[in-house]
Amino acid sequence: MRTGAIFLATVLSVVLAVAVCAATSSTTPVSRVGVSGNGLTLDGVPWWPTGLDAYQLATHWSVNRGCGAEVDLDAYFMSRPPGSVTRFNAFQQLAVNKSTGRIDFGPIDAVFAAAERHGSLVIPVLAGQDGACEDERYKDRDWYRSGWTVPGSASLSYRDWVSTAVSRWGASPAIAAWEPIGEPEAGICHDAGCSPQQRSCPDDSAQVLRDWHDAVGALIRTSDPVHPITAGLLGGDQCGTAGPGYALVADSPYVDFVQYHDYDDAAFLPQRLAQTSKPLVVTELGIHAGSCLPLQERADRIGARIDSYAELGAAGALLWAFVPDPRPEQCTYDIGPDDPVLAIPQLN
């Protein structure tokens, strides 16, 4: 009996050890995406990512206040080719149940689950500069200095939301990178709406943004030491990134690759590429079409633009923006499920 007990104990210890290892491996982040020089890799192989911005993926009208139309997540991710990237809003407001006011991760959980089922990659954007689909308040200089650490209209401060989001989804194999905020600017508002005409930009705005990216990046790294972090910079003359400010923010040790948002025929892109040795991905390429331009002509222009990015030295390109309900009778950036741009070789 003693021998049998010893044997049973040994078996149990092995089973428990295997269970612990399995639990550890399932919760330890492993990044498919890496940085190599001024480019990116996927599963260790050089990679030039393409894909779509689909900001409204976490909209679920029976749960949250939403941000755009609801999307059939399985249909969407099933339509994307292997290695494609989708950038979407993972704002705190989309994790709040509109009936109870309590945190409800269901809609964002569903995005990650669908992406994982189809082997897709996503860039979750944890907040937006202008407050759209959040509290509708522009984030000013004071927010970047200290406001991000204290609760506002939401139940969690931005700092606590970052910690919560990274802890919850940081082990997902679908993550391509974390984006702390989309299109940051550190201006001072002089009216309630913080209109551009009534906004000023102090001389230290670039340093304010750099300090913020350092602090938030360090916070992300406490829970997720492996996935890249990207700075969601517009790339033009915005407050804090104009002139040499772009290079200062890009140089943060917690920024693995930077962004450029192209709504200006890539006017600043050569300058921004020259300011950093890190990968630069054009994560928003927007060209109006519909009533103002035939969709096929836009597709042709986008194909040519993506080719030009590669020639200039950019590290990838995403298109603004997929919607499930395009408005062809209007002049918009809408890219619907049947848009001819989805058939261009650069996206497949």
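Those residues that are surrounded by 15 or more Cβ atoms within 10 Å (Cβ to Cβ) and assigned to a helix (DSSP H, G or I), I need them from segment 194-210; list them, please.
Passing the criteria: S205, A206, Q207, V208, L209, R210.
Determine which single condition D142 fails, assuming it passes every other condition in (1) outside any loop (DSSP other than H, G, I, E, B); (2) within 25 Å of L347 (Cα to Cα); (3) touching a strand residue (DSSP E or B) at 6+ places or on another chain (Cβ under 9 Å).
Against the list (1) outside any loop (DSSP other than H, G, I, E, B); (2) within 25 Å of L347 (Cα to Cα); (3) touching a strand residue (DSSP E or B) at 6+ places or on another chain (Cβ under 9 Å), D142 comes up short only on (2).
Does any residue in segment 305-327 that is over 16 Å from L295 (Cα atoms) come within less than 8 Å, Cβ to Cβ, of a residue that is charged (D, E, K, R) and crowded, with 23+ Cβ neighbours inside 10 Å six or more places away or on a different chain, and which pairs are these?
Pairs that qualify, where the first residue is over 16 Å from L295 (Cα atoms) and the partner is charged (D, E, K, R) and crowded, with 23+ Cβ neighbours inside 10 Å, are L318/D53; L318/R87; L318/E284.
Residues checked against (1) among the hydrophobic types (A, V, I, L, M, F, W, C); (2) within 26 Å of V71 (Cα to Cα); (3) open to solvent by less than 40 Å² (accessible area, probe 1.4 Å); (4) within 15 Å of the chain's Cα centre (by Cα):
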residue: W148; (1), (2), (3), (4): yes, no, yes, no
residue: D160; (1), (2), (3), (4): no, no, no, no
residue: A174; (1), (2), (3), (4): yes, yes, yes, yes
residue: E179; (1), (2), (3), (4): no, yes, yes, yes
residue: G182; (1), (2), (3), (4): no, yes, yes, yes
residue: I188; (1), (2), (3), (4): yes, no, no, no
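Considering only residues that are assigned to a strand (DSSP E or B) and aliphatic (A, V, I, L, M), which ones fall in segment 165-191?
I175, I188
Go through the residues of segment 5-18 one by one and say whether even a single one is surrounded by fewer than 21 Cβ atoms within 10 Å (Cβ to Cβ), outside any loop (DSSP other than H, G, I, E, B) and at pLDDT 95 or above.
no
Go over the candidates R102, R87, R80, R137 one by one and state the one that is among the charged types (D, E, K, R) and closer than 22 Å to V208 by Cα.
On inspection, the qualifying residue turns out to be R137.
If you go through segment 36-43 one residue at a time, do you hit one that is open to solvent by 30 Å² or more (accessible area, probe 1.4 Å), of a type in the set (D, E), assigned to a loop (DSSP other than H, G, I, E, B) and without any contact (Cβ under 8 Å) to a residue 40 or more places away in the chain?
Looking for residues that are open to solvent by 30 Å² or more (accessible area, probe 1.4 Å), of a type in the set (D, E), assigned to a loop (DSSP other than H, G, I, E, B) and without any contact (Cβ under 8 Å) to a residue 40 or more places away in the chain, one finds at least one in segment 36-43, hence yes.
Return the pairs, sorted by first residue and then second, in which the second residue is in a helix (DSSP H, G or I), the first residue lies in segment 249-262 and is surrounded by fewer than 22 Cβ atoms within 10 Å (Cβ to Cβ), the beta carbons are less than 7 Å apart, and the residues are 6+ apart or on different chains.
Listed by first residue and then by second, the contacts come to Y254/H213; Y254/D214; Y254/G217; Y254/A218; Y254/R221.
Is it the case that segment 292-304 has a residue that's assigned to a helix (DSSP H, G or I), more than 22 Å from the chain's Cα centre (by Cα) and surrounded by 19 or more Cβ atoms within 10 Å (Cβ to Cβ)?
yes
Which condition number does D130 fail, the rest of (1) surrounded by fewer than 19 Cβ atoms within 10 Å (Cβ to Cβ); (2) on the phi > 0 side of the Ramachandran plot; (3) in contact (Cβ under 8 Å) with a residue 12 or more places away in the chain being met?
D130 satisfies all of (1) surrounded by fewer than 19 Cβ atoms within 10 Å (Cβ to Cβ); (2) on the phi > 0 side of the Ramachandran plot; (3) in contact (Cβ under 8 Å) with a residue 12 or more places away in the chain except (2).
Give just the number: which of (1) over 15 Å from G39 (Cα atoms); (2) open to solvent by 10 Å² or more (accessible area, probe 1.4 Å); (3) more than 21 Å from the chain's Cα centre (by Cα); (4) of a type in the set (G, A, S) does A289 not satisfy?
Unmet for A289, out of (1) over 15 Å from G39 (Cα atoms); (2) open to solvent by 10 Å² or more (accessible area, probe 1.4 Å); (3) more than 21 Å from the chain's Cα centre (by Cα); (4) of a type in the set (G, A, S): (2).
Filter segment 110-121 down to the residues that are touching a Phe, Trp or Tyr at 6+ places or on another chain (Cβ under 8 Å) and without any contact (Cβ under 8 Å) to a residue 60 or more places away in the chain, then identify the one that is surrounded by the most Cβ atoms within 10 Å (Cβ to Cβ).
V111
Before we move on, is R137 in a loop (DSSP other than H, G, I, E, B), of a type outside the set (G, A, S) and surrounded by fewer than 21 Cβ atoms within 10 Å (Cβ to Cβ)?
So R137 passes the test.
Give the residues of segment 77-92 that are surrounded by fewer than 22 Cβ atoms within 10 Å (Cβ to Cβ), over 14 Å from the mean Cα position of the chain (by Cα) and modelled with pLDDT of 95 or more, sorted by residue number.
Hits for segment 77-92 are M78, S79, P81.
The values are calculated or read from the model by the stated rules, or taken from the named source; none is laboratory data. Predicted model, so just to flag it, every value in this text is computed and none were measured. When we count neighbours, we look across all protein chains shown, and the Cβ atoms used for this are built from the backbone with ideal geometry, even at glycine. Surface areas here come from the heavy atoms of the whole protein model, side chains and all, with no ligands, DNA or RNA. Shrake-Rupley method; radii C 1.70, N 1.55, O 1.52, S 1.80 Å.
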